[in-house]
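Here's the structure we're looking at; comments come further down.
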Amino acid sequence: MSIVVNLNTVLTDRNLKSKELAEMIGITEANLSILKSGKAKAIRFSTLEAICKALECQPADILAYKKE
Amino acid sequence: MKNLIFFLYLLICLWIIGGLVAIFRSSSDLYNLILIENVYDNLTIPICILIAKISISSILTFYLLKFSRVINKLNLENFLSKKNGKSFKTIGRVFLYYSFIRLFINIIEISLGENYQKLIEYNTKGVIEGVVTLLITSLFLLIISKIIDQGYYFKNENDLTI
């Protein structure tokens, strides 16, 4: 897929662990792992909003378009 | 839904019994033809037809038995699975092939004339009606299998929406 999820980079910058973020945004660690690995087919606006709120960032910091 | 599945299971069980009866009847017809009756001049074609009938009835009964197990173990919470789609597809195909072979056999049986039809108590109208019903059922099963496959795809997509 040409959409890349840069959640790992943002998490490292913020010194946060996946488990902590999952708890903060109210999704399971398994789902967060799917999102991080790029296996997710879609992301809800509510989830994106929660992530942006928790990490104090913009959607563009998490998602990027990469030409295949 | 559970009641519907129970009735379907019951009907399939009855169908299996019907299949076993058909095998038994065809076998007894074959026995009569070989050992008792000697009215028909050329016995090769009727014997071949009866052997074909016994074979396809056995195959159909075997697949019905397999399908009844699938129906019995059907997980309603996870109905849209690849396994269910495959089972419906297999049984749909078996019904389709069975009905075509039966139709082919019927055409041969009709062409053999009254002498043969008297020999095995043949009922043209009833048999053809049965084949058409089976043909419609098989097509419905194939459509249901496609719906299950598509449902499985959408379910997967939905599961991967975070």
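Quick rundown of the values:
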quantity: Candidate set: the stretch A:10-61, residues that are within 14 Å of chain B (Cβ to nearest Cβ) and of a type in the set (S, T, N, Q); chosen: the one farthest from B:Phe154 (Cα to Cα); calculated: A:Ser18
quantity: Residue, nearest to A:Asn31 (Cα to Cα), within the stretch B:147-161, restricted to residues that are part of a helix (DSSP H, G or I) and within 11 Å of chain A (Cβ to nearest Cβ); calculated: B:Asp159
quantity: Verdict on A:Ser2 being closer than 19 Å to B:Leu160 by Cβ, hydroxyl-bearing (Ser, Thr, Tyr) and within 12 Å of the chain's Cα centre (by Cα); calculated: no
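Coordinate-derived values only; no laboratory data. No experiment lies behind these values; they were computed from the predicted model shown. As a convention, Cβ positions derive from the backbone with ideal geometry for all residues, glycine included, and neighbour counts pool all protein chains shown.
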